[in-house]
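Asks: Got a structure here, written out as structure tokens. Questions coming.
The values are calculated or read from the model by the stated rules, or taken from the named source; none is laboratory data. These figures come from a predicted structure and were not determined experimentally. Backbone-built Cβ (ideal geometry, glycine too); neighbour counts: all protein chains shown.
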């Protein structure tokens, strides 16, 4: 029975093999060409196969050499931060920088359990004002400050 | 002792009310007389690229004329299609102006399998800015002094001849040249013209079809020699350069930059934009600036400009087919 | 003829060092630093944003101010790299590695101080280089053809593998993944799109900023948020802690010299020269150090070397522009545009026809460096104090600026989605013990590598010997081989033998 000696390496191996295989699969339509006249597929496909090979080697390493364990994943920080980024992206054009800045700050604050809501709102307000003054008025960046630009 | 969520609701509500109040004051500031808001110049290239500098220059020059904030918005990607689509879909109130090569927008209709919008229907040209040729360059150390010299040598070299291009205009110019002169030279595509300089001067490349900024700069430096330009007529900025047509290779490949707006923009607004750009382009300073970028100032009425635009769409369709350029995407 | 350059520099300084111009340099530097320090905004967006301010000034003043903005933005980017692990541009990625570690250990002041001083030294040397060796260096750069560039990139990628402090094979994998990511987009030659999954926003490839911010900055924020107690670097208000210690100086001066050398030479090469210099410097320091395990844990040479390399390269990257009229990277392209707007056509003609302008420009670069020091050394105190702000207030601000930075350079929500995707990817890599730095170098060099490889073979009509026939290419490939053997294969053998013997 194979024992996973290095969980981190196994994870890395999986990532490599997955990326490599995706590269090969999605590159299959690209013409290969010859070495003298390389088609668009030549370099990427060879590259992808090498990545798969590396994945296999790392996988073998994971089964034979001791390595560190994978630290547990905490869902809250990553989900909240990603949500905050996406929220900003989807809302900025609709409602403007002022609101999205406040919203992002409040949302991001919830990445920790020990949230202090009023603090988050005040921080958001402060940051929004700063951002608007510096970016919209100071640097003339194409960011809508308010809604319905 | 109030609960946490009540506090949150209260303060959140307060903040939102504050923001809303400020916002409505800002937003209601005028909605009638054009221009009533900030003007955005849309640039299809990334911030800091050569073309971006051009757009920022016009933004600076426009600011005092319109007395409003003029912002440059970069919408790079998909060879300019993202910007074109963005402009086509924006409100036709004249506050979004697309500063880009009209010929490039026209060419993209044929260069891409699925152009984002039907440019002829979705875009209106308000004013033209400049007129730029592409140029045929050779190593200054080479013996070719005229296009005829080059053609003769290339015919001899057959498929051992190699040439550089770095933009669709260059590729098309190359193809036309090869077609008419009956050459079999192999094309090497570069991302930017400067990348090809070393190989042009080391003899690995026989000639190149490049943009005027690069060509003029290198001719001035004594490294390259310009043999001809692609426009039908000689340039005011460089009257000493012969045209390809004069050399026996009939072509009129002129790239022109323009200020464009979405279709549906009211006529008075288009006229106003036209006036602004005419004012800017006619100034001596801008003239010098455009000359430095290798082109001539180019002023046309909105009707004439729109005509040219639609002709360009057809022409470039023919060019792309003739050059056998595979549509992208 | 050689000492003409002293005379030339004198001309330059007289023109550039007027009170008015010094003032512009100061303002430019200050603005550049303040914008560059905002996470998410690197030198290129900073310069593009501030460029219009220079339009109304006369040529020399505008160039002086622009130089100030450039160096300010670069150093601001280094500041963010050290303080919050967010690189503003490719060259600062390496600074993140040890610089941020030092910040976490409470030595942010030392890191920032060393970075500033190292940059200044490199800047001085770089200026002299331009003055004395400009044209010959440019002539050498002109000899580089496609095969030579390809071999240079291969060498560069190998250094990226070496600089990893984890497993070599995983680092190699990261480099290759980076290469593949760099290929996403439209193929120049055929016009076909690769790996874009039908998303038109990817047709021009993945943008650098969302990738780097997602992979480095956001991942770092998430990582910090997972800790039981939020990070709190030890803060000591005394001036002594804000300054590099004597020991720091002793440890780093050699790295500064080496980095300056590398940067001065590599910066002249168009495309990626500065990045290569920074990576190469880090690798060199790591291999030359008595105790390489310190790297990745706050080794000051890991900041001193790359920062000098970066700044030296920033200086010498002006050489192709000033002597040949050729912009060697994106920032130089902006400078060129700015010069053209001012009516200056950069090139050899400027040197002869308007020496006051040319040498004034060179002098202004040195002045810019000086201003950088003058402004930033006092600012170090402020930045370090900024770190003592409770993290729970800091991280939303960082996040907001990152997001604003990404969005304002390209107002496309796809950019933010990409950033989020790379943040998740960065998190996965973190969990599996893979380092992102080699990936980024692969990402930058990938497309260039493929381009040059293809081009070499098209021009040589398929003859692979061209890589060995050309002297520059052959030398570079030979060096790569030597480096691989000496620095990767041999130590690995020793290590596996040690492990085998321990069994």
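Asks: Take segment B:153-170 and flag every residue that is surrounded by fewer than 19 Cβ atoms within 10 Å (Cβ to Cβ) and within 13 Å of chain C (Cβ to nearest Cβ).
Replies: Step one: list which residues in segment B:153-170 are surrounded by fewer than 19 Cβ atoms within 10 Å (Cβ to Cβ), which gives B:153, B:155-160.
Residues satisfying the conditions are B:157, B:158, B:159, B:160.
Asks: If you check A:51, A:99, which single one turns out to be in contact (Cβ under 8 Å) with a residue 12 or more places away in the chain and either within 7 Å of chain C (Cβ to nearest Cβ) or assigned to a loop (DSSP other than H, G, I, E, B) (or both)?
Replies: On the way: A:99 fails: either within 7 Å of chain C (Cβ to nearest Cβ) or assigned to a loop (DSSP other than H, G, I, E, B) (or both).
Within the list A:51, A:99, the selection yields A:51.
Asks: Taking interchain pairs and intrachain pairs at least six residues apart, which have beta carbon atoms under 6 angstrom, with the first residue in segment C:160-176 and within 11 Å of chain A (Cβ to nearest Cβ) and the second crowded, with 24+ Cβ neighbours inside 10 Å and outside any helix (DSSP H, G or I)?
Replies: Qualifying pairs under 6 Å: C:170/C:434; C:174/C:434.
Asks: Continuing with this model, one more query. Go through segment B:32-149 and tell me which strands (runs of 3 or more DSSP E), entirely inside it, have 2 or more residues that are away from chain C (no Cβ under 12 Å) and buried (at least 22 other Cβ atoms within 10 Å of the Cβ). Steps first, please.
Replies: On the way: elements: B:39-43, B:70-74, B:96-101, B:123-132, B:135-139.
Those strands (runs of 3 or more DSSP E) span B:96-101, B:123-132, B:135-139.
Asks: Hey, among C:273, C:259, C:214, which residue is at pLDDT below 85, on the phi < 0 side of the Ramachandran plot and crowded, with 24+ Cβ neighbours inside 10 Å? Talk me through it step by step, then tell me what you get.
Replies: Values: C:259 fails: at pLDDT below 85; C:214 fails: at pLDDT below 85.
From the options C:273, C:259, C:214, the qualifying one is C:273.
Asks: Out of segment A:58-78, which residues are in contact with a helix residue (DSSP H, G or I) (Cβ under 6 Å, 6 or more places away or on another chain), without any contact (Cβ under 8 Å) to a residue 60 or more places away in the chain and either at the interface with chain C (Cβ under 9 Å from one of its Cβ atoms) or not in a helix (DSSP H, G or I) (or both)? Give the steps one after another, and end with the answer.
Replies: Here is the first cut: in segment A:58-78, the ones in contact with a helix residue (DSSP H, G or I) (Cβ under 6 Å, 6 or more places away or on another chain) are A:58-59, A:61-62, A:67-70, A:74, A:77-78.
Filter again for without any contact (Cβ under 8 Å) to a residue 60 or more places away in the chain, leaving A:58-59, A:61-62, A:74, A:77-78.
Those that are in contact with a helix residue (DSSP H, G or I) (Cβ under 6 Å, 6 or more places away or on another chain), without any contact (Cβ under 8 Å) to a residue 60 or more places away in the chain and either at the interface with chain C (Cβ under 9 Å from one of its Cβ atoms) or not in a helix (DSSP H, G or I) (or both): A:58, A:61, A:74, A:77, A:78.
Asks: Inside segment B:197-309, counting only strands (runs of 3 or more DSSP E) that do not spill past its ends, which hold 1 or more residues that are in contact (Cβ under 8 Å) with a residue 40 or more places away in the chain, within 14 Å of chain C (Cβ to nearest Cβ) and touching a strand residue (DSSP E or B) at 6+ places or on another chain (Cβ under 8 Å)? Before you say what the answer is, go through the steps one by one.
Replies: Working: elements: B:207-210, B:224-229, B:255-262.
Those strands (runs of 3 or more DSSP E) span B:207-210, B:224-229.
Asks: Okay, next question. For segment C:1-8, indicate whether the set of residues that are closer than 21 Å to residue A:139 by Cα, outside any helix (DSSP H, G or I) and at pLDDT below 80 is non-empty. Working first, answer last.
Replies: Step one: of segment C:1-8, the residues closer than 21 Å to residue A:139 by Cα are none.
Within segment C:1-8, not a single residue is closer than 21 Å to residue A:139 by Cα, outside any helix (DSSP H, G or I) and at pLDDT below 80.
Asks: Related question: With the checklist (1) within 14 Å of chain A (Cβ to nearest Cβ); (2) crowded, with 21+ Cβ neighbours inside 10 Å in hand, flag the one item residue C:141 doesn't pass.
Replies: For residue C:141, the failing item is (1).
Asks: Continuing with this model, one more query. Considering every residue within segment C:42-60, establish whether at least one is within 12 Å of residue C:364 (Cα to Cα), assigned to a helix (DSSP H, G or I) and either away from chain B (no Cβ under 14 Å) or touching a strand residue (DSSP E or B) at 6+ places or on another chain (Cβ under 7 Å) (or both).
Replies: Scanning segment C:42-60, I find at least one residue that is within 12 Å of residue C:364 (Cα to Cα), assigned to a helix (DSSP H, G or I) and either away from chain B (no Cβ under 14 Å) or touching a strand residue (DSSP E or B) at 6+ places or on another chain (Cβ under 7 Å) (or both), so the answer is yes.
Asks: Give C:313, C:309, C:289 a once-over and let me know the one that is away from chain B (no Cβ under 14 Å) and over 20 Å from residue C:33 (Cα atoms).
Replies: C:289
Results for (1) under 30 Å from residue A:128 (Cβ atoms); (2) in contact with a strand residue (DSSP E or B) (Cβ under 8 Å, 6 or more places away or on another chain); (3) at the interface with chain A (Cβ under 7 Å from one of its Cβ atoms), shown as yes or no for each residue.
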| position | (1), (2), (3) |
| --- | --- |
| C:381 | yes, no, no |
| C:419 | yes, no, yes |
| C:425 | yes, no, no |
| C:456 | no, no, no |
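Asks: Go through (1) at the interface with another protein chain (Cβ under 9 Å from one of its Cβ atoms); (2) within 28 Å of residue C:53 (Cβ to Cβ); (3) in contact (Cβ under 8 Å) with a residue 12 or more places away in the chain; (4) assigned to a helix (DSSP H, G or I) for residue A:104 and report which single condition fails.
Replies: Failing condition for residue A:104: (2).
Asks: Restricting to segment C:425-473, name every residue that is surrounded by fewer than 20 Cβ atoms within 10 Å (Cβ to Cβ), without any contact (Cβ under 8 Å) to a residue 60 or more places away in the chain and assigned to a helix (DSSP H, G or I).
Replies: C:428, C:431, C:458, C:468, C:469, C:471
Asks: May I pose another question? Can you spot a residue in segment A:28-45 that is modelled with pLDDT of 85 or more, facing chain C (nearest Cβ under 9 Å), under 22 Å from residue C:456 (Cα atoms) and more than 27 Å from the chain's Cα centre (by Cα)?
Replies: Within segment A:28-45, one or more residues are modelled with pLDDT of 85 or more, facing chain C (nearest Cβ under 9 Å), under 22 Å from residue C:456 (Cα atoms) and more than 27 Å from the chain's Cα centre (by Cα).
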